[in-house]
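Structure record follows, encoded as structure tokens.
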Amino acid sequence: MTAIQQRDSAAYLKFAEGETAKIPGIGADVVPRPVDKAAIIGAGTMGSGIAMSFANAGIAVTLIDVDEAALNRGLARMKDNYQSSVKRGRLTQEAMAERLVRITGAVGLAAVVDADLIIEAVFEDISLKQNIFRELDKLAKPGAILATNTSGLDVDAIAAVSSRPADVAGAHFFSPAHVMRLLEVVRAEKTASDVIATLMQLGPRLGKSAVLARVYPGFIGNALFRNYAREAHFLVEEGALPYQVDKALTDFGYAMGIFAVHDLGGNDVGLQTRKAQMATRPTDRRWNDLIIRLCDLGRLGQKTGKGWYKYESGSRTPERDPELEQIVIDYSAEIGIARREISEEEIIKRCLYGMINEGAKLLEHKVALRPSDIDIVYVTGYGFPAKRGGPMYYADQIGLKNVYADIQRFHAQLGFWWQPAPLLKKLAEEGSSFAAYQIALPS
């Protein structure tokens with residue numbers, strides 16, 4: 001076993017956290033830009049959470065929206081969050097007052113004028129984001145970092161509309177941004193090294209783990225999550241019920257199963273984008289559309305009292321719902337799938353091995369610098385159980401030969417989505433590991 005593999009999961013994650021700061025080509029000679037004032041564009045849940053992160057770290061921040069009512073809702077949301085922390089004894093009244101003083105609200109983009117760092121946090125519409133960056137070109141001071149909080153859009157396409165693409169990068173926070181510990185820093189083709197150095201150092205300053213990614217659909221985190229979610233949905237279509245998938249995942253160590261998470265966030269998140277893509281998506285592979293049926297039936301999750309589960313009035317506890325389970329059974333028949341018993345072992349392998357395979361692809365394409373970076377993303381941002389060390393560490397514990405053999409089997413049975421990553425195939429056939437691969441990487 002390599003030195004990385006010999007560490008237990010806690011020691012490994014401590015090691016992995018330290019590795020994230022090591023960026024090839026960016027040494028001590030690269031001087032970060034000062035960040036004394038920040039501006040956040042978009043006063044929704046994400047934008048206000050990001051603003052709180054800066055205020056919590058002692059950084060003056062301006063929360064900006066084009067709509068005064070939306071701005072006021074965002075400011076009120078932040079105050080409510082702080083008051084909740086005070087009531088729970090996690091924050092003193094004095095500390096709350098200090099943080100609120102650091103936050104300024106403003107209507108209109110002109111308020112970015114003196115910001116060292118500007119983060120756009122509007123909803124996922126690339127045309128809207130590009131329009132904002134065109135305006136920032138005219139308004140932001142020279143040397144200001146222009147960051148987008150997109151969760152997966154093409155940062156190069158956003159940077160392309162700017163006359164200063166070297167200043168543009170991705171800064172992907174996770175919701176709720178004032179709580180979640182992950183910051184994905186996305187390096188576009190023309191992003192300057194000192195911009196990357198600044199954002200990577202900003203992460204710890206905000207109390208977050210900063211992990212560098214290259215431009216790729218979903219970057220690191222959401223690229224893997226697509227595989228996790230897709231297989232969970234396919235398993236439900238094939239014979240498992242949502243509570244069975246969630247039980248397997250919580251038994252594995254997740255705090256919540258994926259269907260409970262869907263209900264918490266809202267099944268309609270991304271619904272319009274998903275519907276729009278249906279007309280042009282490839283027809284040579286299987287897709288999972290049951291969640292659209294649920295939305296059409298008004299089963300949006302906790303906010304409507306029904307989703308993949310049902311919820312009693314005022315309760316957040318998911319309960320099995322015979323009505324939903326019949327919808328699932330009927331849907332399987334409608335799409336021509338004969339339901340079968342599915343074991344907990346299969347649920348875990350199909351949900352997790354797809355992530356491992358995708359992780360290997362990200363390493364091949366240099367989207368992620370190292371396997372341990374992927375693990376930090378998943379433990380800090382996606383609820384992967386820390387006792388398992390992250391998906392890539394977990395794969396090494398199982399043995400890549402075993403993981404690869406199962407992925408080959410799934411590919412033969414299930415087709416397109418299970419095409420084995422060439423790097424995984426290579427490492428498995430050599431009897432190697434992701435840890436050994438990482439040790440051999442150039443520094």
In whole angstrom, how far apart do the alpha carbon centroids of the stretch 366-404 and the stretch 93-153 sit?
33 Å
Cα centroid separation - the stretch 196-275 against the stretch 310-352, whole Å
18 Å
Counting only residues 5 or more places away or on other chains, whose amide H sits under 5 Å from the amide H of LEU182 once H atoms are built in the peptide plane?
PHE174, SER209
Find the percent of Cα-Cα distances in the stretch 204-354 that exceed 20 Å, and round it to a whole number.
54 percent
Per-q log10 I(q)/I(0), the stretch 88-127, q = 0.18, 0.20, 0.22, 0.31 Å⁻¹ (Debye; single scatterer per alpha-carbon; no solvent)
-0.76, -0.83, -0.87, -1.10
Proportion of all alpha-carbon pairs of the stretch 260-320 beyond 16 Å (%):
46 percent
Here the Kirkwood hydrodynamic radius of the stretch 318-443, Cα-based and in Å, equals 16.2 Å
Which distance in nm do the two modelled labels at ARG409 and ALA21 give, with both placed 7 Å along the Cα-to-Cβ direction?
4.3 nm
How do 50-56, 313-319 rank on mean C-beta neighbours within 10 Å, highest first?
50-56, 313-319
For the stretch 120-232, projected area of the alpha-carbon convex hull averaged over all directions, nm²:
7.1 nm²
In whole Hz, the Karplus estimates of ³J(HN,Hα) for the stretch 346-360 (6.51, -1.76, 1.60; θ = phi - 60°; x where Gly or Pro) are 5, 4, 5, 4, 6, 6, 9, 5, x, 5, 4, 4, 5, x, 4
Once the Cα atoms of the stretch 171-293 are picked out, what are the Rg and Dmax in Å?
17.4, 51
Using all alpha carbons of the stretch 31-214, what is the percent of pairwise distances in each 10 Å bin, ordered from the shortest bin to the longest?
11, 41, 37, 10, 1
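Could you tell me the relative contact order of the stretch 240-334? Use alpha-carbon pairs under 8 Å, at least six residues apart, and round to a whole percent.
In percent, rounded to a whole number, it is 24.
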Per principal axis, descending, Cα span of the chain in whole Å
61, 55, 47
To make sure I understand, if each residue's beta carbon is the centre and we count other beta carbons within 10 Å, what order do THR280, THR250 fall in, fewest to most?
THR280, THR250
Sequence-separation-based contact order of the chain, relative, with Cα cut under 8 Å and 6+ spacing, percent
15 percent
Tell me the Kirkwood hydrodynamic radius of the stretch 37-146 in angstroms, computed as one over the mean inverse distance between distinct C-alpha pairs.
14.1 Å
Residue-ordered couplings for the stretch 370-383, obtained by feeding phi - 60° into the Karplus form 6.51 cos²θ - 1.76 cosθ + 1.60 and rounding to whole Hz (Gly and Pro as x), are 7, x, 5, 5, 4, 5, 5, 4, 6, 6, 8, x, 10, x
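Every number here is computed from the coordinates shown, using simple stated rules; none is lab data. Note that the structure is predicted; figures quoted are calculated from it, not measured. Cβ: placed from backbone, ideal geometry, glycine included. Neighbour counts: every protein chain shown.
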